[in-house]
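Below you'll find the structure, written out as structure tokens, and then a few comments.
A short reminder: the numbers here are calculations on the coordinates, not readings from a lab. The structure displayed is predicted, hence computed values, not measured ones. Cβ placement follows ideal geometry from the backbone for every residue including glycine, while neighbour counts extend to all protein chains displayed.
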Amino acid sequence: MPAPVSSDIRLPADLLPADGRFGSGPSKVRPAQIAAVLDHARDYMGTSHRQAPVRQVVGRLRSGLRDLFSLPDGYEVVLGNGGTTAFWDAATFGLIQEHSQHLSFGEFSSKFASAAAAAPHLKDPEVIESAPGTHPEAVAREEVDLYALTHNETSTGVMMPLRRPAGSTGLVAVDATSGAGGLRFDPAQVDVYYFAPQKCFASDGGLWVALCSPAALERIGSISASGRWVPAFLDLSIALDNSTKDQTYNTPALATILMLVDQIEWMLEGGGLEFAASRSDASADVLYGWAEASSYATPFVVDPAARSRVVGTIDIDDRFDATVISSVLRQNGIVDTDSYRKLGRNQLRIAMFPAVDSEDVAILTRAIDYVVERLT
Ligand SMILES: *Cc1c(COP(=O)(O)O)cnc(C)c1O
């Protein structure tokens with residue numbers, strides 16, 4: 001009998017996860033979040049974001065995040081449209097005084113550095129790089145007024161601990177787009193913890209949220225008062241002003257906000273950040289445990305402490321083509337396990353956000369074994 005071509009490989013029913021979405025964003029949306037939209041199809045969807053029904057939901061978003069992250073007094077939850085990429089531009093205008101330092105260790109962390117480097121009103125940023133699969137450390141310097149960290153580098157599956165550089169006075173701004181809600185951290189170590197809701201919060205993209213310390217709020221105020229020209233859409237002082245009124249500067253996607261609130265409240269009902277992070281931990285234990293025992297799969301990130309608990313990157317032995325594996329999985333309804341394209345490795349990337357069930361990750365690993373056996 002001729003060897004099957006990969007497109008013939010059909011997974012048996014017991015190797016199909018209950019939910020086949022393992023993408024790193026947009027990511028699995030829990031059915032209850034979609035149901036929440038349906039439940040409010042008439043009294044919330046399609047209604048004005050300036051009126052009480054929507055503003056109350058934005059209020060729940062802000063207070064829910066305050067609880068989830070145990071924010072110290074004086075921190076504000078600020079939000080606006082455009083996702084994390086828009087927030088980088090907003091931060092370039094409204095958070096960096098003059099000189100920033102960026103830890104660059106993958107596609108996402110390099111982008112904020114590029115935005116700051118291109119800004120004519122700022123000094124050239126200091127960019128500290130490290131090889132893919134590792135992360136650099138911030139270095140305290142007198143002239144640095146903002147340290148740009150990334151909680152979880154989604155392109156490589158590296159996470160880093162959040163600590164103020166010893167002796168520094170600059171703001172610590174953390175891109176937590178894929179880490180927020182799935183990784184633990186001490187809010188006292190950060191001034192701006194920002195993210196978009198299409199990853200651990202299992203909602204849709206297009207919104208940014210920034211948890212801001214009193215020092216960050218002061219920076220927003222002082223840059224605004226300095227007369228620096230800032231496009232209104234990217235003006236953090238305008239965003240702050242609207243946020244404190246439970247609104248956004250321009251019209252937000254209401255479904256995104258509602259699904260985000262549903263996820264925040266699901267996390268809180270389960271026990272908060274510890275509950276959510278433990279769900280990711282359970283999945284990560286399954287995934288890395290399988291890869292370490294495998295004859296053909298290896299965790300890409302060598303240092304176990306840097307191995308992301310929310311986005312797992314698994315190198316595949318050159319005998320097998322990872323793109324074939326992920327396309328066979330896709331034909332069987334298991335989607336978005338492809339590696340980050342620009343990383344250029346023979347790799348699978350698997351999201352383990354809190355919405356993903358660890359039992360499904362376990363089934364996924366057995367499904368990968370099944371596919372690989374049939375590719376030999
Ligand atoms: C997904 C992601 C982004 C980009 O988010 P957008 O909302 O698409 O702009 C930025 N940083 C990290 C770490 C990410 O994972």
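Rounded to the nearest 10 degrees, what's the angle between the helix 107-118 long axis and the longest principal axis of the chain, both from Cα atoms, 0 to 90?
With rounding to tens, the tilt is 30 degrees.
If Lys and Arg each add +1 and Asp and Glu each add -1, what is the summed charge of the other residues whose beta carbon sits under 11 Å from the beta carbon of ARG374?
-2
What are the extents of the Cα atoms of the chain along their three principal axes, in Å, largest first?
So the three principal-axis extents are 76, 51, 33 Å.
Give the order of ASP336, ASP191 when sorted by the count of other beta carbons within 10 angstrom, beginning with the fewest.
The fewest-first ordering by Cβ neighbours comes to ASP336, ASP191.
Using a 10 angstrom cutoff on alpha carbons, build the Gaussian network for the chain and name the most mobile of THR248, THR150, THR313.
In the Gaussian network model the winner is THR248.
So for TRP290, TRP88, fewest C-beta neighbours within 10 Å to most, what's the order?
Sorted ascending by nearby Cβ count, the order is TRP290, TRP88.
Using a Gaussian network model on the chain with a 10 Å cutoff between Cα atoms, which of ARG349, ARG309, ARG66 fluctuates the most?
In the Gaussian network model the winner is ARG66.
Rounded to whole Å, give me the distance from the Cα center of the stretch 30-81 to that of the stretch 324-355.
31 Å
On a 0 to 90 degree scale, rounded to 10, what angle separates helix 83-94 from the longest Cα axis of the chain?
Here the helix axis deviates by roughly 30 degrees.
Output ³J(HN,Hα) for the stretch 213-223: one whole-Hz value per residue in order, computed from phi by the Karplus curve 6.51 cos²θ - 1.76 cosθ + 1.60 with θ = phi - 60°, and x for Gly and Pro.
6, x, 5, 5, 5, 5, 4, 4, x, 6, 5
Using r as the Cβ-Cβ distance of VAL302 and SER48, and R0 as 41 Å, what FRET efficiency do you calculate, to the nearest 0.05?
That pair, VAL302 with SER48, gives E of 0.20.
What are the lysines whose alpha-carbon lies under 16 Å from the alpha-carbon of LYS342, with same-chain residues fewer than 8 places away excluded?
Straight-line reach from LYS342, under 16 Å: LYS111.
By how many degrees, 0 to 90 and rounded to 10, does the Cα axis of helix 52-68 deviate from the longest principal axis of the chain?
It is inclined by approximately 70 degrees.
Taking the Cβ of each residue in LEU240, LEU207, LEU15 as the centre, tally the other Cβ atoms inside 10 Å and list the residues starting with the fewest.
The fewest-first ordering by Cβ neighbours comes to LEU15, LEU240, LEU207.
Could you identify which residue out of SER222, SER237, SER104 has the top mean-square fluctuation in a GNM of the chain using Cα springs shorter than 10 Å?
Answer for the Gaussian network model of the chain: SER222.
Could you give the length gained on full extension between GLN189 and ARG330, defined as 0.36 nm per residue of separation minus the Cα-Cα distance, in nm?
Using 0.36 nm per residue and subtracting the Cα-Cα distance, I get 46.7 nm.
Taking LYS28 as the anchor, which lysines have their alpha carbon closer than 16 Å to its alpha carbon, excluding any fewer than eight residues away along the same chain?
LYS199
What is the local net charge at GLY157, summed over the other residues whose Cβ is closer than 11 Å to its Cβ (Lys, Arg +1; Asp, Glu -1)?
Net charge in that neighbourhood comes out at +2.
Computed FRET efficiency, Cβ-Cβ of ALA140 and ASP8, R0 56 Å: what is it to the nearest 0.05?
0.45
With unit charges on the beta carbons (Lys and Arg positive, Asp and Glu negative) and the dipole taken about the Cα centre of the stretch 14-67, which residue among GLY25, GLY64, SER48 sits farthest to the positive side?
Working it through, the farthest residue towards the positive pole turns out to be SER48.
For the chain, what is the charge dipole size about the Cα centre, in debye to the nearest 20, if Lys and Arg each add +1 at the Cβ and Asp and Glu each add -1 at the Cβ?
Dipole magnitude for the chain comes out near 620 debye.
If you take the beta carbon distance between ALA32 and ALA117 as r and set R0 to 41 Å, what does 1/(1 + (r/R0)^6) give as a FRET efficiency, to the nearest 0.05?
0.45
Taking the alpha-carbon centroid of each part, what is the distance from the stretch 217-269 to the stretch 140-198 in angstrom?
So the two Cα centres are separated by 19 Å.
Please report, in debye to the nearest 20, how large the charge dipole of the stretch 1-108 is about its Cα centre when each Lys and Arg carries +1 at its beta carbon and each Asp and Glu carries -1 there.
I would put it at about 400 debye.
Using alpha-carbon pairs under 8 Å, 6+ residues apart, how would you state the relative contact order of the chain in percent?
Relative contact order of the chain: 25 percent.
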